[in-house]
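Here is the structure we will look at.
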Amino acid sequence: MAELRLGPLLRYVDGSSATFWVEASRPCTVEVRCADGARGSARTFQVAGHHYALVPVSGLTPGTDTAYEVLLDGVGVWPLPGSPFPPSVVRTRAEEDAVRVTFGSCRWAAPPADEKDPVGPDALDTLAARIAGEPESERPDVLILLGDQVYADETSKATQRWLAARRNLADPPGDQVADYEEYTRLYYESWLDPEVRWLLSTVPSCMIFDDHDVIDDWNTSASWLADMRATVWWRERLLSGLMSYWVHQHLGNLSPRELAEDALYAAVRETPDGTDVLSAFAAQSDVDPASVRWSYRRDFGRVRLLMVDTRAARVLAEDRRAMLDAGEERWLREQALDAPGSCDHLLIGTSLPWLLPHLVHDAETWDAALCRGERGARWARFGEKLRRRADLEHWAAFPASFAALAELIAEAGSGPDAPATVSVLSGDVHHAYIAEPRWPSGAPDAPRSPDARVLQLTCSPVHNAIPLSIRLGFRFGWSAVGRAIGRRFARHGKCDRPPVDWRRTGGPWFGNQLMTLTLHGRSARLRLEQARAGKGGGAARLRTVMESEIAS
């Protein structure tokens, strides 16, 4: 008899349809039955001995909460017997409803309940507890996870013991993940957490990878990539990372229509074992990153979300470095400018912040200039070493891409049909802040200042360490002294001034945390909540640290 191994995850939801992701223990037919009579079924497909299904359900009623159950070959497997959580539901929005978008990034799997958590309460666990304890209360319409959903290069003690029983950790890559099977262990560890498992079964989610989903500083530079390709273990690691991401995260990002039109998804489902088909796809995407698009678009009424791949789509040649290749940049532009007047709020999800503390931005731009050879070969070698050691590989390290995004945001946010807000949602840097750009006026070739309110909203981590060095470094990076030092770096590198200036209007905040945007018509409110331990050993709770109206 088939058993439920992982999931269900509620992924795509619109006014009348939804998709559900599951992993079963053997080949079977997965069925989802909703209390209102809507249902759907799908046969599992196989990858590397694992059996998955993505079940589409249509005919849901807009503006309702509908409980559902999951059956494998006709046998109920969800809800779990004796579950302490309320029934999982599909909540469909009515057109006039507000849209609540909760986002964050960087989550180490929480330790077992009987072990002390060295980095404090998990914000996702805490969010799940709040929703479960108050089922009728406010909940997100979508949970946006902006990267580092799993850490292939920073495994837990429990996973390291499991790895040691499987292979010799003295061989590379040591206690890091080596292949597809070991990636599945990371997803079990993260998504079988009882609170997170229930949360992901009842709140729709959108996901995109960042570096740790594969390895720290993934695709930092052409030199970095050449060094990695020279190792004996990198190819298997990369292909396994891309394959497991496609299965566990990417597929669920797609709408039922997109799934029906996806040739790779059809090919994997049509073969008894899709491992070779998927491996060939991953290998081709490594050779030619432009052959695949991980970025995607989701619309929630008049709220448009563009999730942008800022890892695999990079151009790494020093003389033409770009965060996005030409096809990816063209896609982003087309989606941002599509159907003027059709959205009230434009959200651009990118795991890496566009606007950073000024000192960090200038240091990254300066380092990019050194690596490009602006100060000669000796400085270029120094710049590459510094880039790797200090993680200097955000948008600022790709100056042309930084400027192109600034220009696109100005264009998308201008004119009588402009959205009320354009928000760049990011994570990665293990703290939260709000930054607001300002476009210069008076210069003949300067883009006009947009009519929309533009914000960089950064929220990280969901559950991770926040060393003192990060706290001090980022606080100093926003300071006037830090900005002055940054300008000296920029002058030494002969760097052009960025096309926008910006100021920090909130933060920095440090802790395990989540941001929520509530968007209703052309109004927008922002809230930051941190997971904090209860007094006297009580249950952790989400505490509101900041709440403000950003558009009225």
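The values are calculated or read from the model by the stated rules, or taken from the named source; none is laboratory data. On a predicted model such as this, the values are computed, not experimentally measured, just so you know. So basically every Cβ, Gly included, is an ideal-geometry build from the backbone, and we count neighbours across all protein chains shown. Ligands, DNA and RNA are excluded from the accessible area calculation, which covers all protein heavy atoms including side chains. Shrake-Rupley method; radii C 1.70, N 1.55, O 1.52, S 1.80 Å.
Would you be able to say whether some residue in the stretch 140-156 is assigned to a helix (DSSP H, G or I) and either surrounded by fewer than 21 Cβ atoms within 10 Å (Cβ to Cβ) or touching a residue at least 60 places away in the same chain (Cβ under 8 Å) (or both)? Within the stretch 140-156, not a single residue is assigned to a helix (DSSP H, G or I) and either surrounded by fewer than 21 Cβ atoms within 10 Å (Cβ to Cβ) or touching a residue at least 60 places away in the same chain (Cβ under 8 Å) (or both). Here A531 meets the list (1) at pLDDT below 95; (2) in contact with a Ser or Thr (Cβ under 7 Å, 6 or more places away or on another chain); (3) more than 30 Å from E96 (Cβ to Cβ) almost entirely, failing just condition (1).
Within the stretch 243-258, if we keep just the residues that are open to solvent by 10 Å² or more (accessible area, probe 1.4 Å) and without any contact (Cβ under 8 Å) to a residue 60 or more places away in the chain, the residue that is farthest from Q284 (Cα to Cα) turns out to be R257. When the stretch 289-321 is limited to residues that are basic (K, R) and in a strand (DSSP E or B), the one that is most open to solvent (accessible area, probe 1.4 Å) turns out to be R297.
Residues in the stretch 465-480 that are of a type in the set (A, V, I, L, M, F, W, C) and open to solvent by 90 Å² or more (accessible area, probe 1.4 Å): L468, L472. Output the residues belonging to the stretch 378-417 that are assigned to a loop (DSSP other than H, G, I, E, B), out of contact with any strand residue (DSSP E or B) (no Cβ under 9 Å at 6 or more places or on another chain) and either among the small types (G, A, S) or open to solvent by 50 Å² or more (accessible area, probe 1.4 Å) (or both). Passing the criteria: D391, S414, G415, P416, D417.
Across the stretch 215-241, which residue is nearest to the chain's Cα centre (by Cα) among those that are crowded, with 20+ Cβ neighbours inside 10 Å and not in a loop (DSSP other than H, G, I, E, B)? Of everything passing the filter in the stretch 215-241, G241 is nearest to the chain's Cα centre (by Cα).
Across the stretch 13-29, the qualifying residues are those that are in contact (Cβ under 8 Å) with a residue 40 or more places away in the chain and open to solvent by 30 Å² or more (accessible area, probe 1.4 Å), and the one among them that is farthest from the chain's Cα centre (by Cα) is T29.
Flag not set for A533, criterion: crowded, with 19+ Cβ neighbours inside 10 Å, more than 24 Å from the chain's Cα centre (by Cα) and under 22 Å from V196 (Cα atoms). Please verify whether the stretch 268-288 includes one or more residues that are open to solvent by 10 Å² or more (accessible area, probe 1.4 Å), in contact with an Asp or Glu (Cβ under 8 Å, 6 or more places away or on another chain) and either closer than 22 Å to E334 by Cβ or modelled with pLDDT of 95 or more (or both). The answer is no; no qualifying residue exists. Is there a residue in the stretch 202-214 that is among the aliphatic types (A, V, I, L, M), more than 20 Å from the chain's Cα centre (by Cα), surrounded by 18 or more Cβ atoms within 10 Å (Cβ to Cβ) and modelled with pLDDT of 95 or more? No, the stretch 202-214 contains no residue that is among the aliphatic types (A, V, I, L, M), more than 20 Å from the chain's Cα centre (by Cα), surrounded by 18 or more Cβ atoms within 10 Å (Cβ to Cβ) and modelled with pLDDT of 95 or more.
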